[in-house]
Amino acid sequence: MSQDFSDIRHSVRALCREFDGGYWRRVDRDRAYPEEFVGAMTRAGFLAALIPEEFEGSGLGLGAAAAILEEVHLSGGNAAACHAQMYIMGTVLRHGTAAQKKTHLPAIARGEVRLQAFGVTEPASGSDATRIRTRARRDGGDYVVDGQKVWTSRAEHSDLMLLLARTAPRESDQGRHEGLSVFLVDIREARGSGLTIKPIRTMLNHATTEVFFDGLRIPADSLIGEEGEGFRCILDGMNAERILIGAECIGDARWFIEKASGYANEREVFGRPIGRNQGVQFPIARAYAAAEAADLMVRKAAALFDAGEPCGPEANMAKLLASEASWQAADMCMQTFGGYGFAEEYDVERKFRETRLYQVAPVSTNLVLSYLAEHVLGLPRSY
Ligand SMILES: Cc1cc2nc3c(=O)[nH]c(=O)nc-3n(C[C@H](O)[C@H](O)[C@H](O)COP(=O)(O)OP(=O)(O)OC[C@H]3O[C@@H](n4cnc5c(N)ncnc54)[C@H](O)[C@@H]3O)c2cc1C
């Protein structure tokens with residue numbers, strides 16, 4: 001059994017008690033950024049969990065980070081407003097120069113700088129990141145960026161953005177991962193000088209945006225890693241993201257299961273608790289089994305990541321199974337609550353909307369399945 005991080009869990013739980021259902025309902029209703037919660041998470045150092053101690057972070061592993069995020073979701077909260085502050089910096093840590101690390105990582109660890117926006121998805125490329133059209137063209141000591149991103153979450157609440165752009169044309173299907181580069185864009189300087197951010201209102205409170213680049217000049221030293229090798233630089237980060245989001249889904253699933261069990265014990269209809277009916281019990285038990293099984297995969301993937309082992313299949317399976325388990329639990333909880341599940345005050349409908357995202361983002365279920373089919377099982381490439 002992997003480590004349980006009970007001390008960390010205890011501290012996160014204590015912090016989350018300050019942010020109850022009423023808080024999350026209010027920010028959800030106003031589509032507001034949960035600034036107070038993010039501030040508290042930052043001050044407690046939880047968002048610097050993965051930054052090594054030499055750069056003023058806590059130097060913890062992904063297993064600990066997963067425990068932190070799981071607890072936020074288990075408390076009824078939503079870590080999506082700040083979870084990316086934990087892992088986007090991984091690209092700088094693993095592929096940045098000594099100077100880039102020294103400049104950015106301690107400031108991120110101290111919470112003075114937010115790096116929690118990651119611009120990959122574009123309107124015309126969808127799940128196929130190799131077809132992005134945003135271009136970065138070298139011009140003297142700068143790169144000039146033109147193009148558009150969509151669904152760039154938290155861009156309005158971030159100082160820096162990790163941006164994936166084409167620096168060389170897509171030559172062939174074979175070389176589709178070549179010619180992409182990653183940049184660290186300073187949003188504070190870029191906004192109004194070629195960078196425009198427009199919020200997108202969605203069915204959940206997610207601070208997501210469209211981002212437009214119109215001749216934006218960024219210094220050449222914004223490049224992270226080698227030019228043209230950007231795809232490789234973000235792969236580890238994508239695995240970390242999938243594992244951490246898997247952990248959030250486990251937290252959500254457990255929240256729904258606890259909520260449903262509590263309600264099924266209390267709610268009396270036909271003169272007895274609804275939970276006495278096996279038609280109500282069994283979906284709760286089934287959701288519990290699914291969540292426990294998915295949690296094992298999240299833990300396995302985190303352990304492999306922390307050991308520096310390849311973990312692509314496990315990270316993808318963790319996200320797949322955990323997002324399905326959380327959705328199964330969400331649907332079960334809604335059904336257990338009957339009409340009251342639809343009322344705002346029980347938080348079920350909010351969590352139901354929030355957890356649905358994770359079958360689509362950061363990668364959709366079909367894309368995970370086709371990755372497993374092709375790369376793990378050796379089935380023919382389908383696209
Ligand atoms: C709230 C929110 C926040 C997000 N935050 C970010 C962010 O911060 N940064 C970022 O870069 N992106 C972000 N995304 C984008 C997200 O990663 C994409 O929405 C996701 O990868 C799917 O891409 P798409 O929406 O273009 O769907 P499409 O690629 O258009 O796919 C639509 C559907 O078709 C299916 N499909 C497509 N091709 C195939 C195929 N070959 N075989 C089988 N099925 C297929 C997909 O599985 C999906 O179900 C966010 C999205 C949302 C909704």
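Here, each number is a calculation from the coordinates, and none is a lab measurement. The structure presented is a predicted model; accordingly, all values stated were derived computationally and were not measured. Every residue, glycine as well, gets a Cβ built from its backbone with ideal geometry; the counts of neighbours run over all protein chains shown.
Based on the Kirkwood radius over alpha-carbon pairs, what value in µm²/s does the Stokes-Einstein equation return for the translational diffusion coefficient of the stretch 115-228 at 25 °C and 0.890 mPa s? Taking Rh from Cα pairs, D becomes 174 µm²/s. With the alpha-carbon atoms of the stretch 6-109 aligned to their principal axes, the span from lowest to highest coordinate is 44, 31, 17 Å, starting with the largest. Angle of helix 278-306 to the longest C-alpha principal axis of the chain, folded into 0 to 90 degrees and rounded to 10: 30°.
Hull volume per residue, based on the alpha-carbon atoms of the stretch 38-84 and their convex hull, is 64 Å³.
For the stretch 334-383, run through the trypsin sites (Lys or Arg not before Pro) and keep only the ones in DSSP coil with at most 16 other Cβ atoms within 10 Å of their Cβ. Those satisfying the criteria are 381.
Here each label is just a point 7 Å from Cα along the line to Cβ, and for residue 124 and residue 94 those points are 3.0 nm apart.
When only alpha carbons are used to place a centre, the stretch 150-184 and the stretch 188-237 end up 8 Å from one another.
When you filter the GluC sites (Glu not before Pro) in the stretch 173-238 for DSSP loop state and at most 13 other Cβ atoms inside 10 Å of their Cβ, you are left with 226.
Packing-based ranking of 315-321, 242-248, 109-115 yields 242-248, 315-321, 109-115, ordered from highest to lowest mean Cβ neighbour count within 10 Å. Segment residue 344..residue 18, full-extension length gain: 115.4 nm, with 0.36 nm per residue of separation and the alpha-carbon distance subtracted. Once the chain from residue 309 to residue 217 is taken as fully extended at 0.36 nm per residue, the excess over their C-alpha distance is 29.3 nm.
Would you mind counting up the charge near residue 330? Only other residues with Cβ under 15 Å from its Cβ, with Lys and Arg at +1 and Asp and Glu at -1. Combined, the nearby Lys, Arg, Asp and Glu give -1.
Using the structure shown, select from 101/351; 149/259; 101/300; 102/351; 149/319 the pairs with a Cα to Cα distance greater than 31 angstrom.
101/351; 149/259; 102/351
Just so you know, the averaged projected area of the alpha carbon convex hull for the chain sits at 19.4 nm². Under a GNM of the chain (C-alpha, springs under 10 Å), which listed residue has the highest mean-square fluctuation: 263, 143, 288? In this elastic network of the chain, the residue with the biggest mean-square fluctuation among 263, 143, 288 is 263.
For the stretch 10-46, applying the loop criterion from DSSP together with a ceiling of 14 other beta carbons within 10 Å to the GluC sites (Glu not before Pro) yields 18. The spread of Cα positions in the stretch 232-376, taken along each principal axis and listed from longest to shortest, comes to 60, 25, 24 Å.
For the chain, the longest principal axis of the C-alpha atoms and the axis of helix 312-337 are separated by about 40°. Here the ratio of the Cα radius of gyration of the stretch 175-294 to 2.2 N^0.38 Å is 1.75.
In the stretch 43-201 the Cα-Cα distances spread across 5 Å bins starting at 0 as 2, 8, 16, 19, 19, 16, 12, 6, 2, 0, 0 percent of all pairs. Separation of the stretch 308-344 and the stretch 58-124, taken as the distance between their Cα centroids, equals 22 angstrom. Here the stretch 239-383 is treated with +1 on each Lys and Arg Cβ and -1 on each Asp and Glu Cβ, and its dipole about the Cα centre works out to around 320 debye. Every Cα-Cα pair in the stretch 94-182 was counted, and those over 14 Å apart are 70% of them. Which angle between 0 and 90 degrees, to the nearest 10, do you get for helix 21-30 versus the longest principal axis of the chain when only C-alpha atoms count? Between helix and principal axis, roughly 50 degrees.
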